[in-house]
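Visitor: Before we start, here is the structure in question, set down as structure tokens.
The values are calculated or read from the model by the stated rules, or taken from the named source; none is laboratory data. Only a predicted model underlies this, so the values are computations on that prediction, with no experimental measurement involved. Positions of Cβ are backbone-derived with ideal geometry, glycine not excepted, and every protein chain shown enters the neighbour counts. Each accessible area value is taken on the protein alone, full model and side chains, heavy atoms only, with ligands, DNA and RNA left out. Shrake-Rupley method; radii C 1.70, N 1.55, O 1.52, S 1.80 Å.
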Amino acid sequence: MGNFLAGRVVAVTGAGRGIGRAVALAAAADGAKVVVNDYGVAVDGASPAGEVAESVVKEIQAAGGEAVAVTDDISTMAGGQRVVDTAVETYGRIDGAVCVAGILRERMLFNMTEEEWDPVIATHLKGTFTVFRAASAVMRRQRSGTLIGFTSGNHQGSVSQANYSAAKGGIISLVRSAALGLHKYGVTANAVAPVARTRMSANVPVRLAEIGEPEDVAALVVYLLSDRAAAQGVTGQVYTVAGPKIAVWAQPRELRTAYASGGWTPETIAEVLPGSVGVDPMPMLSEVAAMEEAARGSSRPNAR
């Protein structure tokens, strides 16, 4: 057992499997008391089974740590509140909230139904909000705490996961808003965009050149939850971790500007924009053709 998080209380959603489980185990191993939340659903959000959270609690306890399970659905306000209330009622405080829970329902945008859109947004984006909202109220009173959202490289866009991509982009904006709004209360907020072998990554049709294990991601999360990260001013950031690689994403900012003294018309924009403001090419566009070809062959190169 380490002591990087000694005395801290951390809640982790989606902690029954994959990255969430690795985060919960790593936080406990470094001294945190852990609230293990998992609704226990399949990748598509079906067939909830609360015992997956209980099994992780047993793992933590067997290793000498402290943990409690919460099987509520965090896509509801009551579920998110329950996660935080359990931390406070059981351990007296909450120092970290890590929102890993997520599902997938893949479909091309022009075929996507409301039933495929709503649950993905609800689990990823609203599920992060419900926990952040409840945790931030306690952290504000404590004058300390850390919020960590989980995003994905797919926030850049996705061919067949517009719902997932939109949710992940929303989480980045939510994290940045939390960082701005809670900074004066001593609360930090960051996002992690992992590349690791999980139930979700196994279905990516092209080989991920840089991919690690859930435990690699957990190490970064433990750091972000620590006093060391807060003291080093780490907030409002988006980090990728892929095996041995850690990278930080750029903050959004204007690249190039142009002005028209007499105002713009469509004709003058057509003349001026290409040579001045121009475009910022989408990195994913160059990968789309390869992804489409691999998907047609039902390739699953990242599966174990």
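Visitor: What number of residues in region 255-275 are modelled with pLDDT of 95 or more, open to solvent by 50 Å² or more (accessible area, probe 1.4 Å) and part of a loop (DSSP other than H, G, I, E, B)?
Guide: Summing the residues that are modelled with pLDDT of 95 or more, open to solvent by 50 Å² or more (accessible area, probe 1.4 Å) and part of a loop (DSSP other than H, G, I, E, B) in region 255-275 gives 6.
To keep it simple, each residue is scored yes or no on (1) under 18 Å from S226 (Cα atoms); (2) in contact with a strand residue (DSSP E or B) (Cβ under 8 Å, 6 or more places away or on another chain); (3) assigned to a helix (DSSP H, G or I).
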site	(1), (2), (3)
G127	no, yes, yes
R141	no, no, yes
T146	yes, yes, no
Y164	no, no, yes
L174	no, yes, yes
A178	yes, yes, yes
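Visitor: For region 100-122, give me each residue that is open to solvent by 70 Å² or more (accessible area, probe 1.4 Å) and without any contact (Cβ under 8 Å) to a residue 24 or more places away in the chain.
Guide: F110, N111, E114, E115, D118
Visitor: Is there any pair with a first residue in region 153-173 that is more than 14 Å from T123 (Cβ to Cβ) and a second that is of a type in the set (K, R) whose Cβ atoms are under 8 Å apart and which are 6 or more apart or on different chains, and what are they?
Guide: Partner pairs satisfying both residue conditions: N154/K168; H155/K168; S160/R107.
Visitor: Return yes when A167 is touching a helix residue (DSSP H, G or I) at 6+ places or on another chain (Cβ under 7 Å) and under 19 Å from A24 (Cα atoms) and no when it is not.
Guide: no
Visitor: Being over 12 Å from E215 (Cβ atoms) and free of Cβ contacts under 8 Å to residues at least 40 places away in the same chain is the filter; apply it to region 8-33 and report the residue that is surrounded by the fewest Cβ atoms within 10 Å (Cβ to Cβ).
Guide: G31
Visitor: Moving on. Find all pairs meeting these conditions: Cβ atoms under 8 angstrom apart; at least six residues apart or on different chains; first residue within region 48-68 and under 16 Å from T90 (Cα atoms) and open to solvent by less than 30 Å² (accessible area, probe 1.4 Å); second residue part of a loop (DSSP other than H, G, I, E, B) and modelled with pLDDT under 95.
Guide: Pairs that qualify, where the first residue is under 16 Å from T90 (Cα atoms) and open to solvent by less than 30 Å² (accessible area, probe 1.4 Å) and the partner is part of a loop (DSSP other than H, G, I, E, B) and modelled with pLDDT under 95, are G65/M1.
Visitor: Quick one: which of G127, G80, G92, G149 is of a type outside the set (D, E, K, R), in contact (Cβ under 8 Å) with a residue 12 or more places away in the chain and on the phi > 0 side of the Ramachandran plot?
Guide: G92
Visitor: Which pairs turn up if I take residues in region 276-289 that are farther than 17 Å from S158 by Cα and modelled with pLDDT of 85 or more and look for partners that are surrounded by 10 or more Cβ atoms within 10 Å (Cβ to Cβ) and small (G, A, S) with beta carbon separation below 9 Å, at least 6 apart in sequence or on another chain?
Guide: S276/A258; V277/A258
Visitor: Still on this structure, please answer the following. For region 221-243, enumerate the residues that are outside any strand (DSSP E or B), in contact (Cβ under 8 Å) with a residue 60 or more places away in the chain and closer than 21 Å to G169 by Cβ.
Guide: Those that are outside any strand (DSSP E or B), in contact (Cβ under 8 Å) with a residue 60 or more places away in the chain and closer than 21 Å to G169 by Cβ: V221, L224, G236.
Visitor: Pull up region 74-99, narrow it to residues that are outside any helix (DSSP H, G or I) and surrounded by fewer than 22 Cβ atoms within 10 Å (Cβ to Cβ), then point me to the one that is nearest to the chain's Cα centre (by Cα).
Guide: Per the stated criteria, the residue is T76.
Visitor: Follow-up question, since we're still on this one. For region 106-125, give me each residue that is assigned to a helix (DSSP H, G or I), acidic (D, E) and farther than 22 Å from R82 by Cβ.
Guide: Matches in region 106-125: E114, E115, E116.
Visitor: Next question, about the same structure. Sort out which residues of region 144-169 are open to solvent by 30 Å² or more (accessible area, probe 1.4 Å) and farther than 18 Å from L220 by Cβ, and write them in order of number.
Guide: S144, N154, Q156, S158, V159, S160, A166
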